[in-house]
Amino acid sequence: MNYNYRYRLRPSDALEEQLAWTVDTCRQVYNHFLHRLNRTEDTSAYSEQKLLPSLKKWWTDLKDVHSKVLQKVVQRLYDNLSRLADAKNAGRKVGQLKWKPPGEYRSFTYSQSGFKLKNTSGRTKMWLSKLGEIPLTYHRDLPDDAEIKTVAVKQEPTGKWYAILGVETPDDPPAKPENPEKVVGIDVGILKYTHDTDGTAVESLDLSDERKRLKRAQRDLLRKEHGSANWEKQRRVVAERHAELKNKRCDFLHKLSNYYAREYDFVAVEDLDAKGLVELPGNSRNRAGVAWGTFLRMLEYKCECEGTHFAAVNPRGTTKECAACGVSTEKPLWVREHSCPACGFEADRDANAVARRRLAGSQKSAISGNGVEHPFSRYHEAVRSGTLRSNACGDCAPCVLGCGCKARR
């Protein structure tokens, strides 16, 4: 399996200056081959990489950059071109590749050789060819049988340097259970980030204080003369505020997705078009801030690593269809309760929708009927014990399925 491990680098002033020089040299090489790409026909990454030795004869600065780093710069250009072509073939309107100005090219990559993780005098350091040993914060051990394949060195807008280690382990992901016992369906939202069929509702993060600090820092940046030393200092402050928002959100998403991937054998979620939802008019900032797409991507790859079934279900109609009998009932968005006119079943709208997705996910993965319990069995147990609460009126009504509980509406 392949993993990425990210570590904070602690370079000295001299090493930091050398890292910045290497990044800028790679940027110039990228622009050079982009110039050739725009004026030469029938080029490829392999044919252009073969020109690098001759390029070093007149561009002597390239001798101070590792050969694999230069090859990855050329590969990066043609990877960008390939992604642009894929987007165009998918019907999207695309432009063309642009030159990278200073500040927009922030990383370089070693592959196969030119790097080594060392333990010097009791402190872990990253040795990079042409650069030397760079101390790092080794906060997390690599697996014992892991082999480092690539090392990407990146400078964030905050000015901090990081090393992203791409490692490979010989272990295969755990086998997924044929008869999953612990099955859950998940609905995502804005006020309640997740609402699952076990009756668990997780509140969204409150980032209001971080947004206020970001707004204040951006306002201060506007008062500085663009390009001045004070402007650059304040730009770093703005970058730090953005990093605070990003880190807090990612920490929340990693912990939540990790919980579902480890605690359950089968996870069914709604297959959301997160990008399309953000582009809709009204409330766009809140929809972008909750990062549904990032959460679903995290959940999918964590389920793969943990040997958990993952099913993305089309959400169309799931808030209208009854989880008990399947009859569809029209209701506007502001109605937060589900009341079925056919069977009389009543539940929170999100709880009903997530139950339908769980059923659809089981059918999609062809595991329904293999001991998978009814999606509302745990929900009823939760409302019977009084552990499930919603932000609705809180009135009680008898459960129409005959289980004797008082369903919290």
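The values are calculated or read from the model by the stated rules, or taken from the named source; none is laboratory data. Worth saying up front: this structure is predicted, and the values here are computed from it rather than measured. With ideal geometry, Cβ positions are generated from the backbone for all residues, glycine too; neighbour counts draw on all protein chains shown.
Quickly run through the stretch 153-162 and pick out the residues that are outside any loop (DSSP other than H, G, I, E, B) and not aliphatic (A, V, I, L, M).
Across the stretch 153-162, the qualifying residues are Lys154, Gln155, Trp161, Tyr162.
Quick check: anything in the stretch 31-38 touching an Asp or Glu at 6+ places or on another chain (Cβ under 8 Å), within 30 Å of Glu168 (Cβ to Cβ) and in a helix (DSSP H, G or I)?
yes
Evaluate the following for Leu245: is it over 19 Å from Thr294 (Cβ atoms), among the hydrophobic types (A, V, I, L, M, F, W, C) and surrounded by 12 or more Cβ atoms within 10 Å (Cβ to Cβ)?
no
Note down all Cβ pairs under 9 Å where the first residue falls in the stretch 232-252 and is farther than 14 Å from Asp209 by Cα, the second is acidic (Asp, Glu) and part of a helix (DSSP H, G or I), and they're at least six residues apart or on different chains.
Gln234/Asp220; Val237/Asp220; Val238/Asp220
Here is a yes/no grid of residues against (1) free of Cβ contacts under 8 Å to residues at least 24 places away in the same chain; (2) within 22 Å of Gln96 (Cβ to Cβ):
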| residue | (1), (2) |
| --- | --- |
| Glu41 | yes, yes |
| Ser54 | yes, no |
| Lys57 | yes, no |
| Val65 | no, no |
| Val73 | no, yes |
| Arg76 | no, yes |
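Working only within the stretch 172-192, note down all residues that are assigned to a strand (DSSP E or B) and under 16 Å from Ala261 (Cβ atoms).
Once the filter is applied, which keeps residues that are assigned to a strand (DSSP E or B) and under 16 Å from Ala261 (Cβ atoms), the stretch 172-192 yields Val183, Val184, Gly185, Ile186, Val188.
Looking only at the stretch 107-128, which residues are out of contact with any strand residue (DSSP E or B) (no Cβ under 7 Å at 6 or more places or on another chain) and more than 19 Å from Thr169 (Cα to Cα)?
The answer is Asn119, Ser121, Gly122.
Is there a residue in the stretch 39-51 that is outside any helix (DSSP H, G or I) and either surrounded by 19 or more Cβ atoms within 10 Å (Cβ to Cβ) or assigned by TED's automatic domain parsing to the domain that holds Cys303 (or both)?
Checked against the condition, which is being outside any helix (DSSP H, G or I) and either surrounded by 19 or more Cβ atoms within 10 Å (Cβ to Cβ) or assigned by TED's automatic domain parsing to the domain that holds Cys303 (or both), the stretch 39-51 yields no hits at all.
Scan Pro157, Pro177, Pro135, Pro143 and give me the residue that is in the same structural domain as Thr22 (by TED's automatic domain parsing) and under 29 Å from Val267 (Cα atoms).
Pro143
State which residue pairs qualify: first residue β-branched (Val, Ile, Thr) and inside the stretch 123-138, second residue surrounded by 19 or more Cβ atoms within 10 Å (Cβ to Cβ) and in a loop (DSSP other than H, G, I, E, B) in any location, beta carbons under 6 Å apart, and separation of 6 or more residues or different chains.
Ile134/Pro11
From Lys100, Lys68, grab the single residue that is more than 26 Å from the chain's Cα centre (by Cα) and within 21 Å of Ser44 (Cα to Cα).
Lys68
Every residue, every condition in (1) under 13 Å from the mean Cα position of the chain (by Cα); (2) acidic (Asp, Glu); (3) at pLDDT 75 or above, yes or no:
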| residue | (1), (2), (3) |
| --- | --- |
| Ala274 | yes, no, no |
| Leu277 | no, no, no |
| Arg287 | no, no, yes |
| His309 | no, no, yes |
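Does the stretch 141-152 contain any residue that is surrounded by 12 or more Cβ atoms within 10 Å (Cβ to Cβ), assigned to a loop (DSSP other than H, G, I, E, B), within 24 Å of the chain's Cα centre (by Cα) and among the polar types (S, T, N, Q)?
no
Results for (1) buried (at least 17 other Cβ atoms within 10 Å of the Cβ); (2) assigned to a helix (DSSP H, G or I); (3) touching a helix residue (DSSP H, G or I) at 6+ places or on another chain (Cβ under 8 Å); (4) of a type outside the set (A, V, I, L, M, F, W, C), shown as yes or no for each residue.
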site: Lys215; (1), (2), (3), (4): no, yes, no, yes
site: Asp220; (1), (2), (3), (4): no, yes, yes, yes
site: His226; (1), (2), (3), (4): no, no, no, yes
site: Asn230; (1), (2), (3), (4): no, yes, no, yes
site: Gln234; (1), (2), (3), (4): yes, yes, yes, yes
site: Leu253; (1), (2), (3), (4): yes, yes, yes, no
site: Tyr259; (1), (2), (3), (4): no, yes, no, yes
